[in-house]
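Colleague: Here's a structure for you.
Throughout, read-outs are computed from the coordinates displayed, never taken from laboratory work. Being a predicted model, the structure only gives us computed values, none of them experimental. Positions of Cβ are generated from backbone atoms using ideal geometry, with glycine treated the same way; all protein chains shown enter the neighbour counts.
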Amino acid sequence: MQHSEALHALRGRATDSRTMWNTLRAVVPAALASGIQPGSLDGEAWTLCASSSAVAAKLKLVLPLLLRRLRQDGWPIQRIAIRVATPAPTPTLTPPTRVLASRAPDAVRERLRELRRRRHADPDPEA
């Protein structure tokens, strides 16, 4: 990484982004800060990643305060963009396509059917 100028610059921008976020963490309410991650830094524009659209909406309300604080600390930021991070898709479970036949003896299966019929006829026998 020390031999590549582009990677060195990228690492410097990432470090600056984290440093700027650490500066603002004291200004942003803790409940809101937990849903924000520092994003990319590109010249005079900085991106913050919000965990949801609700967090992004609340963050927009405090953007002028955040910009003012960064400028007071000497950061040449002119614009803060907000990006809502898309959550990773959750895998969906598919139901089995076929029901396996029971290996129980016929007498046991018949007894289970009888018990199910009784239960449906009187769902709460203890009441």
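Colleague: Run through the DSSP bridge list for the chain and note the antiparallel percent, rounded to the nearest 5. Provide the component values of the computation, followed by the final result.
Modeller: Numbers: 5 of 11 bridges.
Of those bridges, close to 45 percent are antiparallel.
Colleague: Could you give the length gained on full extension between Val27 and Thr92, defined as 0.36 nm per residue of separation minus the Cα-Cα distance, in nm? Don't jump to the answer; show the numbers that get you there.
Modeller: On the way: separation 65, 0.36 × 65 = 23.40 nm, distance 3.97 nm.
Taking 0.36 nm per residue and subtracting the Cα distance, the gain is 19.4 nm.
Colleague: So, one more: Return the distance in nm (one decimal) between the two label points of a simple spin-label model at Arg18 and Glu114, each offset 7 Å from Cα along Cα→Cβ.
Modeller: The two pseudo-label positions are separated by 7.0 nm.
Colleague: From the gyration tensor of the Cα coordinates in the range 5-84, what semi-axes in whole Å does the equivalent ellipsoid have, largest first, with each one equal to sqrt(5λ)? The partial results should precede the final answer.
Modeller: Details: eigenvalues 85, 39, 24 Å².
Working from the Cα gyration tensor, I get semi-axes of 21, 14, 11 Å.
Colleague: If contacts are Cα pairs under 8 angstrom and at least 6 residues apart, what is the relative contact order of the chain in percent? Write down the numbers at each step before the final one.
Modeller: On the way: 102 pairs, mean separation 24.2, N = 127.
Here the relative contact order equals 19 percent.
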